[in-house]
């Protein structure tokens, strides 16, 4: 009988629950500058990205990146279209391009213990063509997997 | 060696030869642990069972219940709600040498299934970058869940047709599906919370 009680006690002791939230809970879009040959490209100019908040004021979401090849940008939780303004600054270059990114926003649930988050499905991108030749969605599914590149940017410069 | 193993298997599945008839009646039971959980926590279940007694050795069993969860998290402010029936079928074997005695030690298996809907919601919150108000909610997402249980239990005769019993159950998910992009749910009726591996029941059992 004592043996059975010991086994029961052991079983109950190992039945503790745990909070199992993902280590990375950031959901961001990852961009990569790409050459027309399909290779990743390092941007020698300085890149900043700005968007406009609800109150109409600008907010800086990427600040003065140099030698940028791949970079993350935040993605709005539940707005149907993000408008991103890319500032390219170099010795002889001061250009801006605007990028409009449409998306579907999907509420994502892990557990009641984990903060609410949204995953996204990119549906369309259009942009101005001052420095950018083309912008292509290569992986429309934006999740908390930080390693996935979602958008290829083909610049006119650097080709 | 193989012959000895086969003989042991045969012995496990065979019944003792004696004058006791094969069919020994039915028993109904009600789980008090699940009902207590439902009364004192955010989730739990009302569960009953119908057990067939075959020669006091084998006990085919059908279990059914209603699992409920209503949780409003103070930290994440996520509200989760579900309520649905679930069903389990399986069999127990009386492991005691004295099969026809007043007490039993069970070892059993179950297959469980539920089809349920969940509501998940959170009060609006502000997007940290763009400052837009953001609503978050999933309504009536249809899900289903299949699982297996290994059961170890005891059953003691108190008086007359009344028995009391404990069981400890190891649970293993077999398959699941959730509607749309909902990856997983938090509480599954009959199974428990998503990361549940062990559960216990305290049964009031009446022979009929």
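No value in this document is a laboratory result; all are computed from the given coordinates. As the structure is a prediction and not an experimental result, all values here were calculated from the model. Positions of Cβ are generated from backbone atoms using ideal geometry, with glycine treated the same way; all protein chains shown enter the neighbour counts.
Restricting to Cα pairs below 8 Å that are 6+ residues apart, what does the relative contact order work out to for chain B? Please round to a whole percent. Show your work: numbers first, answer last.
Details: 509 pairs, mean separation 39.8, N = 208.
RCO, chain B: 19 percent.
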Study note, to complete from the structure: Rounded to two decimals, the Debye log10 I(q)/I(0) of chain B (Cα scatterers, no solvent) at q = 0.11 Å⁻¹ is -0.62
Study note, to complete from the structure: Helix A:2-13 sits off the longest principal axis of the Cα atoms of chain A, rounded to the nearest 10 on a 0 to 90 degree scale, by 20
Review point. How long are the three semi-axes of the equivalent ellipsoid for chain A, computed from the Cα gyration tensor as the root of 5 times each eigenvalue, in whole Å, largest first?
Key: 44, 17, 14
Check your understanding: Zone of residue A:42 (label point 7 Å along Cα→Cβ, backbone N under 16 Å): which residues in segment A:125-159?
Key -> A:158-159
Study note, to complete from the structure: Rounded to whole angstrom, the alpha-carbon centroid of segment B:65-125 lies from that of segment A:115-159 at a distance of 44
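Using r as the Cβ-Cβ distance of residue B:15 and residue B:207, and R0 as 25 Å, what FRET efficiency do you calculate, to the nearest 0.05?
For R0 = 25 Å, the calculated efficiency reads 0.80.
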Check your understanding: Comparing B:114, B:185, B:76, which has the greatest mean-square fluctuation in the GNM of chain B with Cα pairs linked when under 10 Å apart?
Key -> B:76
Practice item. With springs only between Cα atoms under 10 Å apart, run a GNM on chain B and tell me which of B:187, B:136, B:80 wobbles the most. Key: B:136
Practice item. Just subtract the alpha-carbon distance of residue B:41 and residue B:166 from 0.36 nm times their residue separation and send over the number in nm, one decimal. Key: 43.0 nm
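Stretch residue B:97-residue B:62 to full length: gain in nm at 0.36 nm per residue minus the Cα-Cα span? Walk me through the numbers before you get to the answer.
Numbers: separation 35, 0.36 × 35 = 12.60 nm, distance 2.49 nm.
Contour length minus Cα-Cα distance gives 10.1 nm.
Could you work out the helix-only [θ] at 222 nm for the protein assembly as shown, with each DSSP H run of four or more residues adding -39,500 (n - 2.57) and the total divided by the number of residues, to the nearest 500 deg cm²/dmol? Mind showing how you got there, number by number?
Details: 3 runs with 33 residues, N = 367.
Helix-only estimate at 222 nm: -2500 deg cm²/dmol.
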Exercise for review: Under 19 Å from a label point 7 Å along Cα→Cβ of residue A:63: give me every residue in segment B:104-130 with its amide N that close.
Suggested key: B:128-130
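Quick one: Kirkwood hydrodynamic radius for the protein assembly as shown, alpha-carbon pairs, angstrom, one decimal? Mind dumping the intermediate values first?
Working: mean 1/r = 0.0399 Å⁻¹.
By the Kirkwood definition, the hydrodynamic radius is 25.0 Å.
Below 8 Å between Cα atoms, with a sequence gap of 6+, how large is the relative contact order for chain A in percent? Kindly include the intermediate steps, with their values, before the conclusion.
Values: 333 pairs, mean separation 39.1, N = 159.
RCO, chain A: 25 percent.
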Exercise for review: Give me the angle, in degrees from 0 to 90, between the Cα long axis of helix B:2-13 and the longest principal axis of the Cα atoms of chain B, rounded to the nearest 10.
Suggested key: 80
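Pairwise over distinct Cα atoms, reciprocal of the mean inverse distance: report the Kirkwood radius of segment B:38-149 in Å, one decimal place. If you can, show how the numbers build up before the last one.
Working: mean 1/r = 0.0578 Å⁻¹.
After inverting the mean inverse Cα-Cα distance, the result is 17.3 Å.
With a 10 Å Cβ neighbour count serving as the proxy for reagent exposure, in which order, fewest first, do B:43, B:79, B:111 appear? All intermediate terms of the calculation are to be shown ahead of the outcome.
Values: B:43 20, B:79 16, B:111 13.
With the fewest neighbours first, B:43, B:79, B:111 line up as B:111, B:79, B:43.
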Check your understanding: Most mobile of B:47, B:74, B:179 per a Gaussian network model of chain B (Cα springs, under 10 Å)?
Key -> B:74
